[in-house]
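First comes the structure, then the notes that go with it.
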Amino acid sequence: MNGALPPLIGSPAPTVDPGGRELESACHPLDRMLRSDRLPHIWCPGCGIGPVMNAYAQAVLRSATPEDKHVCVSGIGCTGRVAGYMNLDSYHSTHGRAIPFATGLKLANPELKVTVFSGDGDLFAIGGNHFIHAARRNMDLTVVCINNFNYAMTGGQSGPTTPVGAITTTSPTGKVDPPFNLPYLAASVGATFVARWTSLHCRQLEDAIHKALERKGFSFVEVISPCPVGFGQRNSLGEGLDEMEYYREEAQLDPKAALEFLTLSMAKNEVFRVGNFVDLDKPSFTEMMKSPARGKPKGTVKA
């Protein structure tokens, strides 16, 4: 490339040096990965979704799969807007249905590298049944869940990952029912790669998403992320940077942690574990579909 800059999306105004000579327009290495016509984004100040989208874009560039073979599918919610900002083939599906939509894409064209990018409510409330069965089948999908502990786009309601005691618009005196432990859930139903990082751990998160993209079968990455407007201000977590500081102080790298103990409380001075917890090699759904033994009965079935 001889130092050539990557192509830009759109045409920024040229700059001129003091001598009147036109200079080459400056650009960022990820410019070609973003739909500049849709920027600036809608996310609130302090939101952690942007750094996660950056990590995904970097992982796509590192992937062995060409960019034109990557597809991003999302559901509804703040995180669901990622699909619209990525300069990839992308689909903004209906609430809770990102995984079945992505499954259809993968089965129709197995050459595609399909990633589902959505939030905790979309993936594990209305979409929870789709998640467990896609993992059980070991569908060739990568699922990235940005967990901000509430339904941020629709008013800050309690969701399936909201910690016990947390204040939300639908639990004004504190949530009483326990949350899902997402890494434990994903591992227990068959995921081949399971990780948890935060939106502060940019390098580790990029590496985890890259590993998830390269791993055949169903891979899952949970990303703990600030929602200062919808969740943080109600639970004395401060601004987005304050919550990032909390991640820096309390997140402990422990890839060998017992998964059943990974439930989050978000309480001050309580360590929580991050890392790549599961990395397995087993036949994916598309591989099993191609197997010559598929459909052959084992033994005799009596009426």
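The values are calculated or read from the model by the stated rules, or taken from the named source; none is laboratory data. Just so it is clear, the model here is predicted, and its values are computed rather than measured. Don't worry about glycine lacking a Cβ; one is built from the backbone with ideal geometry, like all the others, and counts go over all protein chains shown.
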Output for the range 141-169, where each listed residue is in a loop (DSSP other than H, G, I, E, B) and of a type in the set (Ser, Thr, Tyr) | Thr154, Ser158, Thr161, Thr162, Thr169
Select the helices (runs of 4 or more DSSP H) contained entirely in the range 170-269, then report the ones holding at least 3 residues which are of a type outside the set (D, E, K, R), in contact (Cβ under 8 Å) with a residue 24 or more places away in the chain and under 30 Å from Lys113 (Cβ atoms).
-> 182-188, 202-214
Ser225 being among the small types (Gly, Ala, Ser) and at pLDDT 95 or above = yes
Taking the range 49-63 and keeping residues in contact with a Phe, Trp or Tyr (Cβ under 9 Å, 6 or more places away or on another chain) and under 24 Å from Gly238 (Cα atoms) leaves Ile49, Gly50, Val52, Met53
Which numbered condition trips up Tyr246, out of (1) surrounded by 20 or more Cβ atoms within 10 Å (Cβ to Cβ); (2) in contact with a Phe, Trp or Tyr (Cβ under 9 Å, 6 or more places away or on another chain); (3) among the hydroxyl-bearing types (Ser, Thr, Tyr)?
-> (2)
Read through the list (1) assigned to a loop (DSSP other than H, G, I, E, B); (2) buried (at least 18 other Cβ atoms within 10 Å of the Cβ); (3) of a type in the set (Gly, Ala, Ser), then give the number of the only condition that Ala134 fails.
-> (1)
